[in-house]
Amino acid sequence: MVKPVPESYAPYYESYIARVSENDLTTAFNNRESSLDNFLNSIDESRTETGYAPGKWTIKDIIQHLTDCERIFGYRAVCIARGEDKSLPGFDEVPYAQMAKANKRTWSSLCEEFKLVRISTGMMFESFQPEALLNIGTANDHSISPLALGFIIIGHSHHHINIIKERYLTVM
């Protein structure tokens, strides 16, 4: 399987898809699993509850955001892979983050949940038939394929992990 074609996702997602160097989705999920786990385990909880600037999310907020988005994108992928023809709703990440109250949770619980969601997401994508990955559905008023959603999930987490490395861990 190759990367998704631009017609199978909104242009907004190109930056996420471009962050994935692999052309095979299963390989991309497998390559990220251990490095992501090692990175999260290297962060001390004392560094996870402060934003890098006033009004910015904390590292805990970011990990909760990644977990929420992975679930939402995964739901979209399974719906479209199974032939859903109804438009799937969008979501606003800001109120989701506010309602999640990630800073009230332990760092280890957030990391464990994200790890389990990632494992489950990878297994879900492995279960899709190749032709189902190419189905086109509608989410947030844009055409999208399950294949694109898989690459978006990986690229989106890569984007936010880089933000953590560049803006949070270098200034603390």
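Taking only Cα atoms, what is the 0 to 90° angle, nearest 10, from helix 25-41's long axis to the longest principal axis of the chain? Helix 25-41 sits at roughly 10 degrees to that axis. Here the gap between Val94 and Tyr12, fully extended at 0.36 nm per residue and compared with their Cα-Cα distance, gives a gain of 27.7 nm. Partner lysines whose Cα lies under 19 Å from the Cα of Lys60, excluding those fewer than 8 positions away in the same chain, are identified as Lys101, Lys104, Lys115, Lys165.
Taking a label point 7 Å from the Cα of Asn103 along the Cα→Cβ vector, which residues of region 35-59 have an amide N closer than 17 Å to it? Only 45-59 pass the distance filter. Dipole magnitude for the chain: about 400 debye, using +1 per Lys or Arg Cβ and -1 per Asp or Glu Cβ, origin at the Cα centre. Scaled against 2.2 N^0.38 Å for its residue count N, the alpha carbon radius of gyration of region 1-124 is 1.15. For region 68-151, the list of trypsin sites (Lys or Arg not before Pro) that fall in a loop by DSSP and count at most 13 other C-beta atoms within 10 angstrom reads Arg82, Lys86, Lys101. Annotation note: chymotrypsin sites (Phe, Trp or Tyr not before Pro) in region 65-172 located in DSSP loop regions with a Cβ neighbour count of at most 13 within 10 Å are Phe91.
Pairing the Cα long axis of helix 107-127 with the longest principal axis of the chain, what angle in degrees results, from 0 to 90 and rounded to the nearest 10? Tilt of helix 107-127: around 10 degrees. Residue farthest toward the positive end of the dipole of region 48-164, with Cβ of Lys/Arg at +1 and Asp/Glu at -1: which of Cys79, His159, Ser127? So the residue we want is His159.
Among 135-145, 44-54, sorting by the average number of other beta carbon atoms lying within 10 angstrom of each residue, highest first, gives 135-145, 44-54.
Each value in this text was obtained by applying a stated rule to the coordinates, not by laboratory testing. Since this is a predicted model, take the numbers as computed values, not measurements. Every residue, glycine as well, gets a Cβ built from its backbone with ideal geometry; the counts of neighbours run over all protein chains shown.
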